[in-house]
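**Student:** Following this message is one structure expressed as structure tokens.
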Amino acid sequence: MDDTIIELKDADLTLGHGASAVHVLKGLGLKIGKGTSNGITGPSGSGKSTLLMVLAGLEKLDAGEIRISGQPLHDADEDTLAAFRGRNIGIVFQSFHLIPNMTALENVAVPLELAGRRDAFDIARKELEAVGLGERLSHYPGQLSGGEQQRVAIARALAPSPELLIADEPTGNLDTETGRQIADLIFSEQAERGMTLVLVTHDASLAARCERQIRIRSGQIIDAGE
């Protein structure tokens, strides 16, 4: 049985047009196994975050192929991508991207409601309890610390029980101690749920916690960590 969840072949992507065009991914190839933790590192501008956006279905390749759980996404339309992402991929950003006029509970429940889950608020409550925010359900983002906001974002990402969790600098906006707690939470949830984790980070100590470290430079993988 194939244990590959992500497969990229000859992935090529240019962002911008004309004189401002930047060739970000250059024929990149990558395979990632199910249930593994993978850290992507490299200098600023190397293509790390763009690669994550491709994996999340938020950027489409100009050329090449991407398959997640065997599903080809390179030629999928926006509706197909959105539906696949909603079912299979959780995303955590450096900036928490919470809706300011919604409570923690509502922030986690809304994507589930949009996906048609009638038990959205029950799931949201359980996920917030799992990340240690059972007493903060009715608080708005502005009433929460940075670490608490990131916990809400993690609960939201985990609520659909995704196969794949993608994290882009998840501790980047947090102080050292809070960042360590958030990292502990991400890795414990990944292990407990058997998810695949792909995270981009500038933090060498965070990347070192991953089973595999993938290094990118100038849009190409220079060390696949295998």
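**Student:** Which angle from 0 to 90°, rounded to the nearest 10, does the C-alpha axis of helix 104-114 make with the longest principal axis of the chain?
**Tutor:** The answer is roughly 60 degrees.
**Student:** Using a Förster radius of 22 Å, what is the FRET efficiency between GLU211 and GLN181 based on their Cβ-Cβ separation? Nearest 0.05, please.
**Tutor:** 0.55
**Student:** Could you work out how far apart the two model spin labels at ALA204 and ALA63 are, taking each label as a point 7 Å from the Cα in the direction of the beta carbon, and quote it in nm?
**Tutor:** Each label point is offset 7 Å from its Cα along the Cβ direction, giving 3.6 nm.
**Student:** For ASP79 and SER218, calculate 0.36 nm times their separation in residues minus their Cα-Cα distance, and state this gained length in nm to one decimal.
**Tutor:** 46.9 nm
**Student:** Also, I was wondering about something else. ILE40: net charge of surrounding residues, Cβ under 9 Å, Lys/Arg +1, Asp/Glu -1, itself excluded?
**Tutor:** Values: positive: LYS48, ARG215; negative: none.
Neighbourhood net charge equals +2.
**Student:** Each residue of the stretch 175-182 in turn: what ³J(HN,Hα) in whole Hz from Karplus with 6.51, -1.76, 1.60 and θ = phi - 60°, glycine and Pro shown as x?
**Tutor:** Along the stretch 175-182, the couplings run 5, 4, 5, 5, x, 5, 5, 5 Hz.
**Student:** Taking every eigenvalue of the Cα gyration tensor of the stretch 1-123, multiplying by 5 and rooting it, what semi-axes result, largest first, whole Å?
**Tutor:** Working: eigenvalues 157, 72, 44 Å².
Each semi-axis is √(5λ); the values are 28, 19, 15 Å.
**Student:** Accessible area of ARG87, 1.4 Å probe, to the nearest 10 Å²?
**Tutor:** That residue has around 140 Å² of solvent-accessible surface.
**Student:** Which order do you get for MET53, MET195 if you rank them by accessible area with a 1.4 Å probe, largest at the top?
**Tutor:** MET53, MET195
**Student:** For the stretch 90-98, what does the Karplus curve 6.51 cos²θ - 1.76 cosθ + 1.60, with θ = phi - 60°, yield as ³J(HN,Hα) per residue in whole Hz, taken in order and with x for Gly and Pro?
**Tutor:** Ordered by residue, 3J(HN,Hα) equals x, 10, 10, 9, 4, 8, 5, 6, 8 Hz.
**Student:** Can you spot the lysines whose alpha carbon is less than 19 Å from LYS60's alpha carbon? Ignore those fewer than 8 places along the same chain.
**Tutor:** LYS9, LYS26, LYS31, LYS48
**Student:** Mind pulling the per residue volume of the convex hull built on the Cα atoms of the chain? Å³ is fine.
**Tutor:** Normalising the Cα hull of the chain by residue number yields 134 Å³.
**Student:** Quick one: Debye curve from the C-alpha atoms of the stretch 95-226, no solvent, what's log10 I(q)/I(0) at q = 0.13, 0.18, 0.21, 0.22 Å⁻¹?
**Tutor:** Per q value, in the given order, log10 I(q)/I(0) is -0.56, -0.99, -1.25, -1.33.
**Student:** A further question follows. Give me the net charge for the shell around SER95: Cβ to Cβ below 12 angstrom, other residues only, Lys and Arg +1, Asp and Glu -1.
**Tutor:** -2
**Student:** Just from its helices, what would the mean residue ellipticity at 222 nm be for the chain, if runs of 4 or more DSSP H residues each count -39500 (n - 2.57) and the sum is divided by every residue, rounded to the nearest 500 deg cm²/dmol?
**Tutor:** Result for the chain: -10500 deg cm²/dmol, rounded to the nearest 500.
**Student:** What FRET efficiency comes out for the pair SER138/ARG118, r = Cβ-Cβ distance, R0 = 25 Å, nearest 0.05?
**Tutor:** The value I calculate is 0.75.
The values are calculated or read from the model by the stated rules, or taken from the named source; none is laboratory data. All values reported here derive from a predicted model rather than from experimental measurement. FYI the Cβ positions are ideal-geometry reconstructions off the backbone, even for glycines, and counts take in every protein chain you see. Side chains are part of the model used for accessible areas, which takes the heavy atoms of the whole protein and leaves out ligands, DNA and RNA. Shrake-Rupley method; radii C 1.70, N 1.55, O 1.52, S 1.80 Å.
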